[in-house]
Every structure is written in structure tokens, then in C-alpha cells.
Amino acid sequence: MNESLALTPAPWPALSNVEVCYRAFFNISSYGILENYETPSVIFGYALPLLELQIIIIFLLIVLSHMFLRFIGVPQFVSYMFTGLLLGLHLFDLQDFSSHRLSLDVALDGNIALEGVANLGLIMFTFLMGVKTNKRAMFHIRKGTVAIAVLSFVVTMTAGLAFRNFQLDKADPLYMPLKLAPTERTVIVSVQALTLLPVITHLVYELKIPNSELGRLAISIATINDLLGFITLQCVSYVASYRYVSPRIANRDALAMTILILVILFIIKPTAQWIVDTSPEGKPVRELYVYGTIMTAIAASICTTYFHQVHVLGAILVGMAIPDGPPLGSALEAKFEGLVTNIFLPISIVVMTMKADISKVLYAFDDIAINIFLVGFTLVVKWTATFGSCLIFKLPTNESIILAIMMNYKGFVDLCFFEGAANHRNLSQATHTFMIIYVLLIAGVLPTTVKALYDPKRKYIGYVKRDIMHLKPNSDLKILTCLHKPDNISGVLSLLQLLSFLPNDDNNKDRGTIAVTALHLVKLAGSSFPILIPHDKRTKPQLHQNSYIQTMMLVFSEFQQENWASTTVSFFTAYSQEDLMDHDICNLALDHHTSMIIVPSGRKWSPDGLYESDDNVIRSVNASLLDRAPCSVGVLNDRSYRTKKKINGTVNVGVIFIGGKDDREAISLAKWMRQNPRVSLTVIRFLSGQEPDKNKNWDYLVDNGVLNNLKETYASSENFVYAEKIVNGGPAVATAVRLAAEDYDLMIVGRGRDDDLLDVSGLAEWMELSL
């Protein structure tokens, strides 16, 4: 049989009482666009070319929409929804175009393949959100957070349900049967009361505040609210099924969900943990386990769909059972995150949104007026309940306002709920369309409002920057050390050994101790929001099973025991995105009143001291940190081949002094080291040979004062040398620096330059000073 003829449907029978059986079939792939020269569009009678055309149209309109909408600060999520409206019933009507392309059989509608891709996108996205959810945060939720979440949910739900039967006698039965009107209002109130974790997580990342206290609080509240929503959903589903379907089916579905949860808790979760425990550290998990996990999530979604639950519920429950982070969580994220976020998610949102029919809203406006009022009423009630409960627990007024706004945000998962309710005829098409428009407006307006009201940098305003030079006598030197890799530990410890030695000299009684905070920075992989974990003797073992964390704690604990009279050490691990690590560092430094932050340079050196490579992530973090740090920052270039030879002998420390506040801070750091009898200190001042105007150059006078004090303090010391060199021009400075660097085990150099008379362009050639 000719394939092209086989695709042409037979004509409808002339007599209405005649039954004709059509062969329910369709072909998947065509022979190409040249299959039929006269009508090339015949290829769209095949499933695969039709799906490809639909996807191309969707992404073409997404790109064009966002090209214009981004200029007014509209998030990309809104562009997805706007594209769905463009492809809806009143403009391009993609559904009608595709509907009868494959077959006249309703079961073989041309939109089925696209719907399948959209549903797979829903399942994969919710599963990954479950995987990425950091389970540790569940143990760091405060009582105030629980109270705010509960009050926000309960007050909104109670107030909304109070209007459930309002003016039901005036409802038009042609719009919706009277017995279903209360159900429609219940759906609206329930979704309005919910604050879904995936939605708030998306908002927090869009605002770039996951490391802030406000971002963490919003995510914690969403976690509790999501749990309340899940319990409520199960109860409402059971009651509705019991009353309107049959008690037998209701009991069967409840039993099936209970069994599924038990299987996830006692089979899937231990299996996932076994995979994590048996995978070699630092190596990728086997792909068999990765794909097996994905298939388990899809199977759970099939199970929840069969037993009349939301189809994404099974996927997110399985995702919550998967340990976040490496190796399994990060492997799932690395393999599927890009595909799901950039391909499946836009398609899913567009497919859900293009089912909206705006004409239905206009035609049935009088019938849905109560629903529109109910949406606005619950919005105000939820904002008021959240704002009031925040004030009760003494949150700042501005943050309470912002948090209350964020709790009303709606997004992708809310569209899923409306889609499911509409499919089960619990929402009319008019109300469903209005709720889609409502989500579109909320997603477009709320992020812009929050950005206008909240500035994460505001906490630094009016803060006096701390440094070593202005420490009061007998004050502790508080240092924050940042560690990205195991290689960073040895260099930091070598530096701290020089600072922490407490001399027995009575002349140095005004010196305090060293308070070291060791911060282990971990790239956020397979974890949806940042978290800062303190480690001490009371820390639960499962919170630091990583061998690197255990090694860091062991090494620094030994360091503290060796220097117990002069040093205290605390440990933290920060899980964060790479572009937000500087926020974690600054927040911890601010909370601990740190005087200096020590960070690795990100440069790798060979055992013989030659440059090998750069870590661009670390160097980017350092550059951001220098712009916002609340204290001094020391960038450590570790060429350990020198210091290892001197570990038990004299350590030669050199300071290059040109002038300015950074160089004065370098002198202050060197003075702390000089109190260690193992340290031999040499200060080399570079001069231009020209006499500055002392009346105009205040920094020159301050520099002289600092150096004179240093020379007076160590005038009689054997291990102290002060020298001055006259250098003319950038090349001379570069040569002098290179020669000096070869003579010392540790060089301390300030980055800022305030001497206008000295050409320091040659320092740019010294790669240790570049970022």
C-alpha cells in the first residue's frame, strides 16, 4: 500500500446509523520534506516531524518574547507563559493546527506526543527539585519559622473556606453544576494557602539571595508549608473520593499511597544511601544507578497517577529520598539539569498555558467574579497573616513586608495543580484561564517588587571595616580561613603557625590570642539551596561524612592542641553556588567580627615552584570578595616547596613597602608574625628618590609614623632588618621585586598603591599580585 495514501483518512459515512471502523494507526518518521513535491506539508502527518515543528515554534516564540520582555526586567518564566498565551486558542492555536494531523481517532490526537514530552518534563523537574532539596535544612528550622508557616497556611485556609458557600444560590447552573462550585472554590483557596518549596526556591535564586538570612528563612517557611500542603492534599483527596466516588476506591488509594511511602522510606532511601556509601569518593557513580533512579521516579509517578493522585507526587517523593550532594545527587543534576531546565521545563509551561481561553473569562466574568474576589481576598489575608506573625517573632519590619510578599509568589508547580484540577473538572475553563493569568501577573510583578524593596548589601552600610592595624591592645586576632580543596590546608596551616605562637617575652603581654574560623566551601551540587553547617563535638556524624571535612577537622584540631594556649579553632562547611560563595564568606566574617580573611589564590604550582594552572572559580570568588569584604583580605599564594624546608628552622619573612593603607596593613600582619622567635623579618621600602609634598601627602606622613614605630619596637632585635631602595620606573620595580622574592620564604605585599611619585606598573608583571 502507498504510505501517503494510507495516511489520508476515509470520508465520513453518509448515513448516521452506519458504523465504520478506522484503523487506529500513525507513522512515526517520514521520508523527508521531498516526499511529496506538490504538498511538502504531508510530512506533518507523521508524529516525529510534527513534534519537531511544535518544539521549533515554541522555542522560536520564547526567544522572540524574551528578547523584548527582558528589557523591562521580566523573568524568563513569564516569557514561557506569554508564549503559551500566544500559541493559545485566539492567536496561533497550535493545538487546533496539530489536532487531526495524525488521525481522526481521538486517541491519536496530534498533540499527544507534545503532551507526553510536557508530562515527562513535569516529572523530571519535580524529581530533580526533590533531589536538590537540602535535607539538612529540615534540622535547622527554628520554632518561629514553624509558627510563621503554620499561621500563614491555617489563617489563609480558614478565611478562604469561610467564603466557600458565599452566594452559591446565585450561581448559574449553566456555568457549573451547583454541587461542584464549592469544590472549585476549595481548589482556589488551597492553592492560595500553599507556599510551595520548588516555587520559593526558584524565586530565591532568581533574586540571588539564597545565602542571605531572608532567603534561608523563606525556604524554611516554604518547607513547613509544603509539608502541611501534602498532608492536606491527602486528606482532601481521601474525603472527596470517599464521598463522590466510592469508599472502596478511597480506601484502596489511601492504602496504595501508604504502601508507596513505606517503600520509599524503607527500600528506596536505604538503597540510595547504599549507593552513596559504596561509591568510591571522588569518582562518579555508576550510570546504572543514575538511570535506575530515574526509572524509579517515573514508576512512582505512574503509581500515583493510577491511584488518582497528582502525577508528579511520586517523582518528588522519590527525589526527597535521594541523598543530596555527591555522588548520586550531583550526578543526577549534572546529567539532567541542563536538559530539564532548558528544554523540558519551557515546553511544559507553554503546553499548560496555551490551554487558556481568554474569551471564556470575558464571557463568564459574572460567574467567576466571586472566584476573582476570593483570589484577591486570600492574597491579602495571607500577606497579613505572614506579616503579623513575622512581627510577633520580632523580625525587622522591612524584612517582614518582603517575606510576606514572597510567600504569595506563584509559579510552575501551581500551574500543575490548576492543570490537574481542570482535567478532573474541578475548575471551569474560565476559572482555569483566570488562574493562569493570575500566575502570570504574580510571577512578573512580585520579583521586581522584592528587588526594589530588598538590597542584600544593606547590612554593610555603616559598618566600620575591621583590620589588624586598628586592633586594640590585648585584643584577639580573629581570622577566617577559606578552604576549597585539600591542597589549601597545608599552606594555610603554615601561615597560621607563624601567627599563633605565643612568645614568653613580657614585653608582648598586650597581644591577644588567635581565633581561627576554618570555612570549607563546597560547590552546590545536587542541592537546591545553600546551607552553613557548624562542626563541633556535638555535630551529628552524618553532617560531616565527607572525608575531606573529617581531614580538615582533624588537622585543625591537632593545630589547636599544639597551640592550645594561644589559639581557638571553629569549623564550618558552606554549601553554596560558585557565584554566591563570597556572600557566605562575608556573612560569616561579619558575624564573627573577623579582622582578616585568608583565601587561596587559585593558582597551582609545581613541586619545584613553577606555575602550572589557574582555578578560575576560586579567582572569581576572590575578586568578588575584595569588592565587598567587611575586613582585610589576604590572598595566599602557596609555593610550599620553600616553607617545607624551613618547617623547624628560621622562616625568612619579607615585606615590600611602597605606601598606602594596604601596605600598612601588611606591616601590622608582619608585626604579629615577628613575635614568633622562628621568624626573621625584613622590611624593604621602595622610594622614588623624589621628595614628596609633606603638607599635601597625608599618607606619606602616616606611612613614616608606622615605619618609625616598627623600627623603634625592634631596634635591638637580631632577627629584624629594615632597608630602603630607590627604584626608578616600572622595570626597576619589577626587577627589585623578583630578586627580593627569591630570598624569602614568605612575602607580604599590599595590593593598593597610594604613592603617586613611584611608578609601580612593573608589579603587574608579578603574577602573584594579579587576580
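Bear in mind that the values in this text are calculations on the coordinates, not laboratory data. What you see is a predicted model; the values in this text were computed from it and never measured. Virtual Cβ from ideal backbone geometry, glycine too; neighbours counted across all protein chains shown.
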Volume per residue (Å³) of the convex hull spanned by the alpha carbons of the stretch 244-334 is 78
Taking placed amide H atoms and a strict 5 Å upper bound, the residues 5 or more places from Val651 or on another chain that come that close are Val679, Ser680
With x for Gly and Pro, the residue-by-residue ³J(HN,Hα) of the stretch 362-368, computed from phi through the Karplus equation 6.51 cos²θ - 1.76 cosθ + 1.60 at θ = phi - 60° and given in whole Hz, is 5, 5, 9, 4, 5, 6, 9
Rounded to one decimal in nm, the spacing of the 7 Å Cα→Cβ label points at Met295 and Asp93 is 4.4
Sorted by chain and number, the residues with a modelled amide H under 5 Å from that of Val683, at a separation of 5 or more or across chains, are Val655, Val721, Tyr722, Ala723
Final fewest-first order of Ile358, Ile585, Ile618 on the 10 Å Cβ neighbour count is Ile358, Ile618, Ile585
For Ser570, Ser348, ascending order of other Cβ atoms within 10 Å (fewest first) is Ser570, Ser348
Extension length gain for His424 and Thr384 (0.36 nm per residue less Cα distance), in nm, is 11.2 nm
Classified through the alpha carbon gyration tensor (a ≥ b ≥ c as square roots of its eigenvalues; rounded if a/c is under 1.5, else prolate when a/b is larger than b/c, else oblate), the stretch 190-291 comes out oblate
Counting Lys and Arg as +1 and Asp and Glu as -1 over every other residue whose Cβ sits under 13 Å from the Cβ of Tyr363, the net charge comes to -3
Residues other than Gly73 with Cβ under 13 Å of its Cβ, Lys/Arg counted +1 and Asp/Glu -1, net out at +1
Counting sequence-distant residues (5 or more places) and residues on other chains, those with an amide H built under 5 Å from that of Arg603 are Asp615
If R0 = 60 Å, then Phe163 and Ala741, at their Cβ-Cβ distance, give a FRET efficiency to the nearest 0.05 of 0.20
If the label point sits 7 Å along Cα→Cβ of Thr448, residues of the stretch 69-94 with amide N under 15 Å come out as 69-79, 82
Residue separation between Val63 and Arg248 times 0.36 nm, minus their alpha-carbon distance, gives in nm 61.6 nm
Taking r as the C-beta separation of Arg286 and Ser557 and R0 as 35 Å, the FRET efficiency to the nearest 0.05 is 0.50
In nm, the gap between the two label points placed 7 Å beyond Cα toward Cβ at Trp274 and Leu590 is 4.7
Checked the stretch 290-363 against the a/c 1.5 cut and the a/b vs b/c comparison, axes a ≥ b ≥ c from its Cα gyration tensor; verdict oblate
The ³J(HN,Hα) series, computed from each phi in the stretch 200-216 with the Karplus coefficients 6.51, -1.76 and 1.60 at θ = phi - 60°, rounded to the nearest Hz and given as x for glycine or proline, is 5, 4, 4, 5, 4, 5, 5, 7, 6, 10, x, 8, 7, 5, 5, x, 5
For the stretch 85-98, Karplus-derived ³J(HN,Hα) couplings (6.51, -1.76, 1.60; θ = phi - 60°; whole Hz; x for glycine and proline) come out as 5, 5, 8, x, 5, 9, 10, 7, 6, 4, 5, 5, 4, 8
Among chymotrypsin sites (Phe, Trp or Tyr not before Pro) in the stretch 342-439, those in a DSSP loop whose Cβ has at most 15 other Cβ atoms within 10 Å are Phe393
Env charge @ Pro182, Cβ radius under 13 Å, K,R +1 / D,E -1, value +2
So Leu441 and Asn728, fully extended at 0.36 nm per residue minus their Cα-Cα distance, gain in nm 96.9 nm
Expected sort for Lys179, Lys382 with the fewest Cβ neighbours (10 Å cutoff) up front is Lys179, Lys382
One finds, for Trp564 and Ser490 with R0 = 30 angstrom and r their Cβ-Cβ distance, a FRET efficiency to the nearest 0.05 of 0.90
